[in-house]
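Heads up, the thing below is written out as structure tokens.
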Amino acid sequence: MEETNKYYVKLIYSKGSKFDNPRILNKHEFNLKLKQQQLSRKQKGSNNRIKSRKKVGFVHRKITNCREDFLHKLSRRIVNENQVIVVENLNVRGMMQNHCLAKSIHQVGWGMFCTMLKYKAEMSGKIYQEVDRFFPSSKTCHVCLNQVGSLPLDVRFWTCEKCQTRHDRDVNASINLRDEGLRILTSGTGDKACRPDVSRSKGGRKKSTTALSVGLLPTLTAKRERR
Ligand SMILES: [Zn+2]
């Protein structure tokens, strides 16, 4: 199972490597800033202002296309290389309110990425599984399952008090997510996977490709036990 499940949420590889946004985006973003600056200097109502606005729109489209292209290629690769894909059901709207996180979440387009992963997995007969966003993936030590009380977002590395294992925050979280995802899948019922107060919203992406086909979806909203 280790090998079939190489990619994790936050785009983290099981061996500890992480995926970044394509560097080309930085170039376009710089260009966007430039074009916006030029626009702001044009006189209101002038023809040059209209032309300049068109240029800004062009760069915006370019950035959108680049981002989508990157997500399409990455999701295709992940689906091709893996049997099971476990992702964290991130609270994107809540994170957008956190200023530090807003930019990275927006850039990666997490919701769009999950949708791509899901339908590509469906088409290829692979398993797509979402893990509830309240699952304490970051705060749990994946070795001894000890849970720390709080873990501020700027702490990238931490040491477990019980077993003294030193963790990379993201890698540890991704291993916990993989285990939780596999637990949901192997238990078959997905019991204790979610809290009752986070029932799935109507429409949009469904949580799992298997749960749907086997008709297990209602049980996915059962209460999860804290480990
Ligand atoms: Zn530990």
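The values are calculated or read from the model by the stated rules, or taken from the named source; none is laboratory data. Please read these numbers as outputs of a predicted model, since none were measured by experiment. Every residue, glycine as well, gets a Cβ built from its backbone with ideal geometry; the counts of neighbours run over all protein chains shown.
Miscellaneous remarks
- Of all the numbered requirements in (1) modelled with pLDDT under 85; (2) within 16 Å of the ligand (Cβ to nearest atom); (3) aliphatic (A, V, I, L, M), ALA193 misses one, and that requirement is (2).
For every residue, the table says whether it meets (1) touching a residue at least 60 places away in the same chain (Cβ under 8 Å); (2) away from the ligand (no atom under 14 Å from the Cβ).
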site: ARG133; (1), (2): yes, yes
site: CYS144; (1), (2): no, no
site: PRO152; (1), (2): no, yes
site: GLU161; (1), (2): no, no
site: THR165; (1), (2): no, no
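- Residue list for the stretch 179-189, restricted to those being within 10 Å of SER137 (Cβ to Cβ) and either within 16 Å of the ligand (Cβ to nearest atom) or at pLDDT below 85 (or both): ASP179
- Of all residues in the stretch 134-149, those being closer than 12 Å to ALA173 by Cα, part of a loop (DSSP other than H, G, I, E, B) and not hydrophobic (A, V, I, L, M, F, W, C) number 5.
- The set of residues in the stretch 137-155 that are hydroxyl-bearing (Ser, Thr, Tyr) and at pLDDT 90 or above contains only THR140.
- Scanning the stretch 123-144 for residues that are of a type in the set (A, V, I, L, M, F, W, C) and over 23 Å from GLU161 (Cα atoms) gives MET123, ILE127, VAL131.
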